[in-house]
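Readers should treat all values here as calculations from the given coordinates under stated rules, not as data from a laboratory. In this text, all values refer to a predicted model and were calculated from it rather than measured experimentally. Using ideal geometry, Cβ is built from the backbone for each residue, glycine included, and neighbour counts are taken over all protein chains shown.
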Amino acid sequence: MAATAPDMEAPSAPTGPSNIARPTLAEALASIRAPSGWKRRLEDPANTFIRYPIALAMTRLFVRTPVTPNQISLTQPILAAFAGWQVTFGSYEHDLLAVLLFELRSILDCCDGSVARAKKMSSPSGHAIDGLADWLGVVFLYIGILIRFQVHPPTAVLGFGSTTLVSTVGVLGVLLLAGIQGGMRSFTSDYFRVKFVSVFEGGKDDTLDTLRAKILALGPHSTFFEKAEVLIGRMGHLTFNHVYLTRKKAMEVRSGDLVDALRREENAPATRVLAFLWAISNGDAFLTYIMIGLLFDKLWLLQELYATVGIATIAALCIASSSFVKSRTGRTAEPKLSRAA
């Protein structure tokens, strides 16, 4: 769910790689770098300290080969499917192999965006493929978890199901809630990461401005992935701003003085606390905790926590972030709109 990790920056325009001059090897190698600034603040610590150092070394190898970012992205759900298969066995040896396979998937997820930038192959389609690969990876992993607990019924820890074993219906219910919670983490953390990074580092609010540009760029020849990316962006805007950004509205609006108001709060303690909470609560962190649960044989306890405390905490963090924006700007997260010049 690392779809939106810092290596997957939204492109500013829907231009493909065909009309961009290919970099030299030296230029490509020089462009490879780890996330910094606000991108690093909002990153899962496991990505920052473990996966990115490995991914950057792998990226330096990939740029010397014909391997494309899309090929790296599409490899990830295959690895996740094998990891999910290993989870079904319910033994520590298979769990360890599942962790290794899924960690390789997560490292590659940190690679594809870096390779795309290094080779100047970023595109809206590639960004959408990367997001789709992330979601498929989670689905395949959870299919394995579901089969595992059907074959090896879990012992109830927090009171779901019977006092001894959780029924099949109980397993399905808990895993469904845990999966919904994971989707909430990924969707909401992506939105606020884009907002905070673009405001504090770019002086603009990409949750509105980039979405606006993508909506206006849509046409009869737009790809499925471009349309899907716009739909996801519209859903985020609707969720947090209570406005569905139609083409007509996109032609009329831009972000207002909300950006200046928030930038004054960049180094405030509340801002830093929110950044830390999102770093340990985002979609990548969600998957990291699952790997830890597998290693320490606490996978079912983790699912129960996700289905209860997890939903409550991510909802509270969303409310806190929206309230933070409102209190610092004197309005809701939707800025007072002004007509474009």
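Things worth noting here:
- Helical segments meeting 20 Å axial Cα length and Kyte-Doolittle 0.0 threshold in the chain (DSSP H): 69-87, 92-118, 124-151, 168-202, 224-241, 311-329
- Values (i) 21.4, 81; (ii) 29.0, 102; (iii) 20.7, 66 are given for comparison; Rg and Dmax of the Cα atoms in Å, derived from the coordinates here, is the one labelled (iii).
- With at most 15 neighbouring Cβ atoms within 10 Å, loop chymotrypsin sites (Phe, Trp or Tyr not before Pro) (DSSP) excluded, longest segment of the chain: 1-243
- Computed over the chain: relative contact order in percent, which uses C-alpha pairs under 8 Å that are six or more apart: 23 percent
- Simple rule: put +1 on each Lys or Arg Cβ and -1 on each Asp or Glu Cβ in the chain, find the dipole, and look at VAL199, ALA228, GLY182; the Cα lying farthest toward the positive end is VAL199.
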